[in-house]
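J.: Here's a structure for you.
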Amino acid sequence: MHAETNHPNIQPLLPLDALLQKAAEHKGCGTSSEGGKASCGSSGGPDNMTPEVWEKVKNHPCYSEEAHHHYARMHVAVAPACNIQCNYCNRKYDCANESRPGVVSEKLTPEQAAKKVLAVASTIPQMTVLGIAGPGDPLANPDKTFKTFELIAKTAPDIKLCLSTNGLALPDHVDTIQSFNVDHVTITINMVDPEVGQHIYPWIYYQKKRWTGIDAARILTERQMQGLEMLTARGILCKVNSVMIPGINDKHLVEVNRAVKSRGAFLHNIMPLISAPEHGTVFGLNGQRGPTAQELKALQDSCEGEMNMMRHCRQCRADAVGLLGEDRSAEFTTDKIDAMEVVYDATTRREYQQVVEQERQATVAAKKAEQEQLSQLADAEGISMLIAVATKGHGKVNEHFGHATEFQIYEVNAKGAKFVGHRRVDLYCQGGYGEEDSLVTVIRAINDCHAVFVAKIGGCPKDDLKKAGIDPVDKYAHQYIEQSAIAYFMDYVGRVQAGEITHQARGDADIRQGAFIAA
Ligand code: CLF
Ligand code: SF4
């Protein structure tokens, strides 16, 4: 846990009404921008973005990879019903379009959700985005979804509103979405060809009728495309999620990428199918496999020339709280919130976010400085490697190997260091997956990496990692990730050039399919 996130601003307990009233008196940040959203610690955006777009993405952890190291999001599970069936979904669990299968969230009323948002906002001041992503489809539950947005817009106007949908009901709600200043909408689009779609969707429920087969897939794709066009025409940023299902839509997703790009989608997030028999889904039970790490990366790489690709998605639960990759939902259950003393203090949030922004700018500056040195490394042409990093945020190597529940993956070559994904693992010190030793599963998850950067590591795992050909590195503890990766790479290339070592490509790695074992 980060010390900075333990906000000391705890005041006497207020009833919900008083809390909402007090929060409504705050108007968010002093500098407001489009839609009354906060403009905290603004800095110039990248060259390829207009200032309006940068304002929307700069502190959205899903829409900006760089922001995800610093800013948090939360979900509220207010939408239980769904209007379609996906073959990778079991309704006992959260919507698998944004969640890993097997995850169950605590359902809330809009009023409970509003209180939860204020509780989280006062505890985690860098929480900038509220998303509704299930546990079913938010637009199959429009009253609950929009009531929640209405309450938050009134009480916490500096929080960005975000929505994720399968798209079937989307065209009917675009005007309402716009009226609530929802700037970010995700649509899960797994196909643009009904022939492919019939193998993913057994049925949909549309206009009071159940549709199956090709007809169902055709209606769904038409509604998704129509909804996407309507949103982008209104300037709402759209992200498209696609689940990569080997043998069913893996090759087809390049076509999906082109179709959504041509309709103005801002970001494409290709996620791996997570499929295991214990999830009880059609795909889980019929043995449909998910992609390997390298299959996923190759598809993402092949689409990257076309548009921005998201590679930092964590397939969050419908009640996720915290930085992407950390799960603080257990701190904010309904009974805990009822007992919590909460005051929503927009001024303190703004001040805190200004500090976060300074830290983020320092990360960017550190990255640029090292990048310039790298340009001298023309001889590194042809050498490329992946590095796994144990981190708990802030863009630094700051997690103990044994405490990591995921590793972030950076690709380093003569062009620089770039985040290309993450690998979920079981805690090394908590036992493994099924009968397997947890270290074996960690090694399988990062087997395509040349090195693993950690803040600290014990002697035993160190030896086993070395035996597997993965270099355990703790000398960059608490330093910036990209800077450390480039320094390591330059040293590595130097040793290759001196003939001390031979550069060899690594193999593939597994994407974790089963239930998660954490503390
Ligand atoms: Fe939530 Fe989704 Fe908004 Fe983000 S999550 S509704 S866009 S605030 Fe983000 Fe989580 Fe991936 Fe979703 S990492 S599952 S992409
Ligand atoms: Fe499940 Fe989400 Fe698909 Fe509905 S849209 S069936 S909740 S994965």
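None of the figures in this text is laboratory data; all of them are computed from the coordinates on show. In this text, all values refer to a predicted model and were calculated from it rather than measured experimentally. FYI the Cβ positions are ideal-geometry reconstructions off the backbone, even for glycines, and counts take in every protein chain you see.
J.: Excluding GLU278 itself, calculate the net charge of residues whose Cβ lies under 14 Å from the Cβ of GLU278, where each Lys or Arg counts +1 and each Asp or Glu counts -1. Intermediate values should be presented prior to the final figure.
T.: Details: positive: LYS92, ARG100, ARG512; negative: none.
Its environment carries a net charge of +3.
J.: Something else: Have a look at the DSSP beta bridges in the chain and tell me what percent are antiparallel, nearest 5.
T.: Of those bridges, close to 40 percent are antiparallel.
J.: Let me ask another. Quote to one decimal, in nm, the extra length available between LYS466 and ASP491 on full extension: 0.36 nm per residue of separation minus the C-alpha distance between them.
T.: Working: separation 25, 0.36 × 25 = 9.00 nm, distance 1.79 nm.
Answer, rounded to one decimal: 7.2 nm.
J.: I'd like the distance between the alpha-carbon centres of region 356-407 and region 122-166, rounded to an integer number of Å.
T.: 32
J.: Okay, next question. Using 0.36 nm per residue, how much length does the chain from LYS415 to THR333 gain when fully extended, once their Cα-Cα distance is taken away? Don't skip to the answer; put the middle values down first.
T.: Working: separation 82, 0.36 × 82 = 29.52 nm, distance 4.48 nm.
Full-extension gain reported as 25.0 nm.
J.: Moving on. List the longest stretch of the chain that has no exposed loop site; here a site is one of the GluC sites (Glu not before Pro) assigned by DSSP to anything other than H, G, I, E or B, with at most 13 other Cβ within 10 Å. Each step should come with its number before you reach the end.
T.: On the way: sites that count: GLU341, GLU381, GLU435, GLU436, GLU500.
Free of exposed loop sites, the longest segment is 1-340.
J.: Test of understanding: what is the full-extension gain from ALA233 to ASP437, defined as 0.36 nm times their sequence separation minus their Cα-Cα distance? Let's see the in-between values first.
T.: On the way: separation 204, 0.36 × 204 = 73.44 nm, distance 5.18 nm.
Gain on stretching ALA233 to ASP437: 68.3 nm.
J.: So, one more: Straight distance only, please: which lysines reach the Cα of LYS368 with their own Cα at less than 16 Å, same-chain residues fewer than 8 apart left out?
T.: Qualifying lysines at Cα under 16 Å: LYS396, LYS415, LYS418.
J.: Under 19 Å between alpha carbons, and skipping anything fewer than 8 positions from LYS209 in its own chain: which aspartates and glutamates qualify?
T.: ASP137, ASP172, GLU222
J.: If you don't mind, there's one more thing I want to ask. Can you pick out the pairs among LYS107/LYS251; LYS367/LYS475; LYS58/LYS466 whose Cα atoms lie more than 27 Å from each other?
T.: Where the Cα-Cα span goes over 27 Å, the pairs concerned are LYS107/LYS251; LYS58/LYS466.
J.: Still on this structure, please answer the following. What aspartates and glutamates could a cross-link reach from LYS467, if we take a straight Cα to Cα line under 15 Å and drop same-chain neighbours fewer than 8 places away?
T.: Result set, ordered by chain and number: ASP448.
J.: Let me understand region 88-133 better: what is its radius of gyration from the alpha carbons, and its Dmax, in angstrom?
T.: Values for region 88-133 (Cα only, Rg and Dmax): 12.8, 36 Å.
J.: Shape call for region 376-498 from the C-alpha gyration tensor, a ≥ b ≥ c root eigenvalues: rounded (a/c under 1.5), prolate (a/b greater than b/c) or oblate?
T.: Taking the square roots of the gyration eigenvalues as a ≥ b ≥ c, region 376-498 is prolate.
J.: Given contacts defined as C-alpha pairs under 8 Å and at least six residues apart, what's the relative contact order of the chain, whole-number percent?
T.: Relative contact order of the chain: 16 percent.
J.: Still on this structure, I have one more. Using the Kirkwood formula on the Cα atoms of region 51-339, what hydrodynamic radius do you get, in angstrom to one decimal?
T.: The Cα-based Kirkwood calculation yields 18.8 Å.
J.: Work through the residues other than LYS144 whose Cβ is under 12 Å from its Cβ and net out their charges, Lys, Arg +1 and Asp, Glu -1.
T.: That works out to -2.
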